[in-house]
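Engineer: Can you keep this structure in mind? I'll have questions shortly.
The values are calculated or read from the model by the stated rules, or taken from the named source; none is laboratory data. Quantities reported herein were computed from a predicted structural model and do not represent experimental measurements. Note: ideal-geometry Cβ built from the backbone for every residue, glycine included; neighbour counts use all protein chains shown.
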Amino acid sequence: MDEISTKAIAAKDDERAFEELVKSRKPWILKTAAEASRHYVSENDDEWSVALMAFHEAVRSYDGSKGSFMSFASVVIKRRVVDYIRSQGRYTSEISVSPDAFDGSLNEDEACGIDIQVQERITRDSLEETPAHRAERVREEISGMQEILNAYGFSFFDLTKCSPKAEKTKKSCGRAIRTLVASAVMMALMRLKRLLPIKELSEASGVIRKILERHRKYIIASAEILDGDFPVLASYLDNIREE
């Protein structure tokens with residue numbers, strides 16, 4: 001039995017081992033989802049959530065008699081992603097970005113070029129940052145976050161009404177948010193169903209259901225910000241990450 005197959009069996013009943021397995025195989029899961037959906041897939045796409053849940057299903061149902069785990073998981077993921085796409089009434093033969101991009105197979109010159117571009121962008125942004133520029137970035141991030149929250153059925157501006165006020169409640173919500181963001185499975189479940197996985201989150205974080213239900217919108221929005229590409233908005237949540 002190969003190493004990945006052995007790790008998959010070990011991860012069947014070990015949440016931490018599963019999270020480590022997901023972390024190490026994330027590029028492969030994205031690539032497999034892209035192959036099945038025939039278009040570029042990022043962690044913000046529903047196909048990623050579907051693929052991750054399928055990967056979890058594969059781990060839970062795998063045993064050595066089913067051959068290589070990677071081959072088995074590939075079948076499960078592609079089947080679930082295709083089923084999902086068909087259920088949405090959409091399927092395309094166009095591939096906007098080759099799935100090979102997920103392999104990490106860039107040559108040294110390409111990788112170096114990308115790194116230089118990233119560093120130049122970071123330097124330029126930091127030098128050009130002004131109050132007006134930052135305000136524009138905030139508006140852009142709020143607009144992007146609003147699109148995400150629309151899928152959950154509430155607005156970014158609803159957060160002023162449901163944010164925790166008491167210090168004890170803030171700490172409880174912070175613990176729930178950190179637990180949620182740290183769990184690829186719960187994040188995928190939340191994004192797929194557009195609901196906070198209250199039962200699973202309560203058990204994992206130790207935060208009572210009443211607090212999770214009352215501050216559901218705040219927890220969802222904070223998790224999406226911290227797990228997404230919202231650096232300015234995330235800077236306002238540093239207290240959550242640092243506790």
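Engineer: Within region 137-194, track down each residue that is within 25 Å of Ser42 (Cβ to Cβ) and of a type in the set (Phe, Trp, Tyr).
Structural biologist: Tyr152, Phe154, Phe156
Engineer: Taking the options Lys210, Lys193, name whichever one is out of contact with any Phe, Trp or Tyr (no Cβ under 7 Å at 6 or more places or on another chain), farther than 22 Å from Ala54 by Cα and either among the basic types (Lys, Arg) or modelled with pLDDT of 85 or more (or both). Spell out the reasoning first.
Structural biologist: Values: Lys193 fails: farther than 22 Å from Ala54 by Cα.
Testing whether each residue is out of contact with any Phe, Trp or Tyr (no Cβ under 7 Å at 6 or more places or on another chain), farther than 22 Å from Ala54 by Cα and either among the basic types (Lys, Arg) or modelled with pLDDT of 85 or more (or both) leaves just Lys210.
Engineer: Of the residues Ser68, Ser37, which single one is touching a residue at least 24 places away in the same chain (Cβ under 8 Å), more than 27 Å from Ala182 (Cβ to Cβ) and of a type in the set (Ser, Thr, Tyr)?
Structural biologist: Every option except Ser68 fails the conditions.
Engineer: Name the residues in region 185-204 that are closer than 17 Å to Leu30 by Cα and crowded, with 22+ Cβ neighbours inside 10 Å, would you?
Structural biologist: Result: Ala188, Arg191.
Engineer: Here is a list of conditions, (1) touching a residue at least 40 places away in the same chain (Cβ under 8 Å); (2) under 21 Å from Asn44 (Cα atoms), and Leu201 meets all of them except one; can you say which number that is?
Structural biologist: Condition (1) is where Leu201 drops out.
Engineer: Another question, if that's okay. Check region 210-227 and report whether any residue there is buried (at least 20 other Cβ atoms within 10 Å of the Cβ), out of contact with any Leu (no Cβ under 7 Å at 6 or more places or on another chain) and touching a residue at least 60 places away in the same chain (Cβ under 8 Å).
Structural biologist: yes
Engineer: Here is a further query. Restricting the search to region 2-37, which residues are of a type in the set (Val, Ile, Thr) and over 15 Å from the mean Cα position of the chain (by Cα)?
Structural biologist: Ile4, Thr6, Ile9, Thr32
Engineer: While we're on this one: Within region 190-209, which residues are part of a loop (DSSP other than H, G, I, E, B) and either in contact with a Leu (Cβ under 6 Å, 6 or more places away or on another chain) or among the small types (Gly, Ala, Ser) (or both)?
Structural biologist: Pro197, Gly206
Engineer: Given the criterion part of a helix (DSSP H, G or I) and within 23 Å of Tyr84 (Cα to Cα), identify the matching residue among Arg16, Arg25.
Structural biologist: Arg25
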